[in-house]
Structures are given as C-alpha cells and as structure tokens.
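Shown next, in structure tokens, is the structure this report addresses.
Taken together, the values in this text are just the output of simple stated rules run on the coordinates, not laboratory data. Since the structure is predicted, the reported quantities are computational estimates derived from the model, not experimental observations. Cβ coordinates were reconstructed from backbone atoms using ideal geometry, including for glycine residues, and neighbour counts include every protein chain displayed.
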Amino acid sequence: MTKTLSLLLLLGVAAFSVSVHAADRAPVGPQAAKLHRSGDTAGAIAIWLPLARNGDVNAAYNLAVIHDYGDGVARDPAEALKWYRVAAERGDRASQSRLGTMYLNGEGTARNKKEGWRWINAHRVAHLHHDHHPQMAAWREQAAKLIQERDMREAMAASRATGDQVLADLRRRAGTTVAAQPPAQLAAAPLQAAR
C-alpha cells in the first residue's frame, strides 16, 4: 500500500509540474507582434530570438523580415538570409521564395542561381504529388463543371438578348413594330399575321 501511495503521489507531483510549465509556455508570438507594432522592436526581438533558435517558423520569419527591411534595426541582409533559411527549411513558403530571390540577386550572400531556383521551386516540387491526388482530381472536375454551367448560362442569356434584338430589327424593317409585347408574343406575332 505504501508503494502504491508513494507512486500516486509521485505521479501527482509530476502532473502538477507539467501543468505549471505548460501554463508558463503560453503563446508569446502575439505579444511580440504587438510589441513590434507599437515600435518596441527590441522587445519583440527579445521574444522572437529564443523561439527562432528553437525552430519556430513564425519567429524566424519575423526576424528575417525585420533584418531584411531594416524595420527597427539596421538593415542586415546576411542576418535576414540566416532567418529566412531557418523558416524555409521548415517549409515556410514565403521564406523559401524570399530566400531564393536573395540567392538569385546576391543579397546577403554570393549570387547563386542554382541555390536560388532550388529554394524558389522547393514548395512547388514538394507538393507536386497533390496534382495527382484523387481529391484534387475531383475538385478540378467539379470546378470544370461549374465553369461550363456558368459559360452556358451566359451564352444563353446573350443569345436571348441577341435574338430579341434581331426580331425587333426585322419587325421594324417590315413595318410591323409591336411596342410592348413580351418576347414570346413577339415571336408568335408573325405567324398570326401570316394567317
């Protein structure tokens, strides 16, 4: 009984410890963004830097943008490149694109076209298999049907408008203009006149 009680006590202490630490780790990204928007870039960097070092994509991207554009810090393309790479390696599409552009233009690094295009195409190549996924094929088919239905409705409306105009022109030329009749009665009118 003593072993069971001490084991339960130990598990309870461990669970309490984990819940306290989880409460301490509330999301701080929004707090950093708020600081940055208010002009406290140093405060935002102090929050984002440890997060980015631990692989947080959003923090790395934010640090890259700050250094890339000199937003509250001196512009530093090499530092921006470093943080774009951290986010890009974790799949961030915007970071992959910007990193590729920096390599193509030689910003913060030597110009390297091969590396630049590798990063620019990284997201597209990584997700190319989605083009052949059955759900993607079903969505494409559904979209094609919707587009075809819309095009047919528009063509029918345009055809009706054009047909009504042609009938009106023919009646005017024949001297049998009927002013306020609906199109169905206009179409029947020549048949009645011919009897």
Inset, instruction - Give me the distance in nm between label points sitting 7 Å out from Cα along the Cα-to-Cβ direction at Asp76 and Ala161, one decimal. - result: 6.1 nm
Legend entry - Point-to-point label distance, Lys114-Ala143, nm (Cα→Cβ direction, 7 Å offset): 3.5 nm
Legend entry - Sorted peptide list for 51-60, 82-91, criterion being average Cβ within 10 angstrom, highest first: 82-91, 51-60
Legend entry - Contour excess over end-to-end distance, with Cα ends at Arg90 and Ala168 and 0.36 nm allotted per residue: 21.5 nm
